[in-house]
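Each value in this text was obtained by applying a stated rule to the coordinates, not by laboratory testing. Keep in mind the model is a prediction, meaning the values are calculated, not measured. Positions of Cβ are generated from backbone atoms using ideal geometry, with glycine treated the same way; all protein chains shown enter the neighbour counts.
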Amino acid sequence: MQYDIESHKECESHEVLCLATEIQNNRMESYSDQQLATLVREGDPDAFLELTSRYMTLIRAKAAPFHGTMLEADDLCQEGLLGLLDAVRNYREDGGASFRTYAGVCITNRIIMAYRWAAGRKTFR
């Protein structure tokens with residue numbers, strides 16, 4: 001069997017990239033949700049990935065009552081993620097609510113909006 005130096009370099013490069021991503025993600029774990037929201041507004045995509053991992057359980061829980069309706073579970077989760085993005089864009093610390101509370105409301109509202117839109121489309125067909 002012949003040793004392929006290019007494959008080795010590619011594999012090594014991939015391992016370095018994975019390690020760098022893991023280090024980046026571990027760095028993000030120590031940030032609060034509010035700090036991550038600020039980083040997302042400043043254009044840091046890794047911060048949104050961290051928020052997404054923190055909030056997917058909540059998004060699934062908020063979407064669960066709407067399963068089996070006009071929308072697929074994946075569509076409901078996508079709407080929940082858009083609600084999380086709305087929360088990131090519009091959250092103000094001086095508003096009196098924690099980011100988690102505000103995000104929960106935004107996620108719920110976005111899912112309900114999508115459900116109502118889908119229900120309205122079904123009615124008019």
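When a/c reaches 1.5 or more, the comparison of a/b and b/c decides; with that in mind, is segment 32-123 rounded, prolate or oblate per its Cα gyration tensor? Note, shape of segment 32-123 comes out prolate.
Within segment 43-116, the GluC sites (Glu not before Pro) that combine a DSSP coil assignment with at most 15 other C-beta atoms in a 10 angstrom radius are Glu72. Applying a DSSP loop filter and a limit of 13 other Cβ atoms within 10 Å to the trypsin sites (Lys or Arg not before Pro) in segment 72-106 leaves Arg92. Cβ crowding within 10 Å ranks Thr52, Thr57 as Thr57, Thr52, fewest other Cβ atoms first. The simple spin-label model puts a point 7 Å past each Cα toward its Cβ; for Asp44 and Met56 those points are separated by 2.1 nm.
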